[in-house]
Amino acid sequence: MDDLLIRSAQRSDLDSLGELAGSKDRAEVRIQAAERGAEDMLVAVVADNVVGAVSIRWQDGCDAPNPWLYGLAVVASARRRGIGRALVEAAAATCAARGADAASLDVDVDDESAIAFYKRLGYVIVRRHEHRWRAIDPRTGAVTGEGTALTWIMRHRLRLNRGTHCKGGSGRV
């Protein structure tokens, strides 16, 4: 998609992010985490409209010490145009730029289309996981709901370990 821009989310994106995050409160919590530096939130913009988002949690993810990608969403009218792929690839590049060797995410065990999507992007299932989630009130920080979901942890190697040599290149990756 030629007019696609991937950039960091801004507070002015909040109204558009409510739909993508599931609620305006959930989007607010993610924006606050990005403002604190605990996460990065990337958005996909087409024709000045936010059409997708993904977040990267730098600590306390489901597959430490790897950064955890979560909250990938694309508005229904913009799906199947490579926006989700572009967001995941941009998130992986952000992780690699910060020195991560791998990026992880979790996906519901019964979501076959999402599992296939991430496999096409190079993610592999590494283990089952009981994901614990919490809903937080962005004004007070109070937990307003919590639960669990059975998921797969999927991981993507971003680069080779230090000192690993490749044929035909400079030797270091």
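Just wondering, is there one or more residues in the stretch 116-127 that are of a type in the set (G, A, S) and within 20 Å of K24 (Cβ to Cβ)? No, the conditions are met nowhere in the stretch 116-127.
Scanning the stretch 76-102 for residues that are within 18 Å of M41 (Cβ to Cβ), open to solvent by 60 Å² or more (accessible area, probe 1.4 Å) and not in a helix (DSSP H, G or I) yields a count of 1. Summed over the stretch 136-160, the residues that are outside any strand (DSSP E or B) and among the acidic types (D, E) give a count of 1. Taken over the stretch 50-72, the criterion of being closer than 18 Å to A149 by Cα and touching a strand residue (DSSP E or B) at 6+ places or on another chain (Cβ under 6 Å) is satisfied by G61, C62, D63, W68, L69, Y70, G71, L72. Output the residues belonging to the stretch 75-108 that are in contact (Cβ under 8 Å) with a residue 40 or more places away in the chain and farther than 17 Å from C62 by Cβ. Hits for the stretch 75-108 are V75, R81, G82, I83, A86, L87, A90, T94, A96, R98. For the stretch 1-30, filtered to residues that are among the polar types (S, T, N, Q) and farther than 16 Å from A78 by Cβ, the residue that is least open to solvent (accessible area, probe 1.4 Å) is S23. Set side by side, the residues D60, D106, D110 differ, and just one is assigned to a strand (DSSP E or B) and more than 16 Å from A9 (Cβ to Cβ), which is D106. May I ask you to say which residue of A33, A53, A44, A73 is open to solvent by less than 70 Å² (accessible area, probe 1.4 Å), hydrophobic (A, V, I, L, M, F, W, C) and part of a helix (DSSP H, G or I)? Only one candidate passes the filter, namely A33. In the set (1) within 24 Å of D13 (Cβ to Cβ); (2) under 17 Å from the mean Cα position of the chain (by Cα), R120 fails one condition alone, (1).
Please count how many residues of the stretch 109-136 are open to solvent by less than 90 Å² (accessible area, probe 1.4 Å) and touching a residue at least 24 places away in the same chain (Cβ under 8 Å).
Here the count works out to 14.
Residues of the stretch 56-67 that are at pLDDT 95 or above and open to solvent by less than 20 Å² (accessible area, probe 1.4 Å): I56, P67.
The values are calculated or read from the model by the stated rules, or taken from the named source; none is laboratory data. Since we're looking at a predicted model, the values are computed, not measured. Virtual Cβ from ideal backbone geometry, glycine too; neighbours counted across all protein chains shown. In case anyone asks, the SASA skips ligands and DNA or RNA and just uses the protein heavy atoms, side chains included. Shrake-Rupley method; radii C 1.70, N 1.55, O 1.52, S 1.80 Å.
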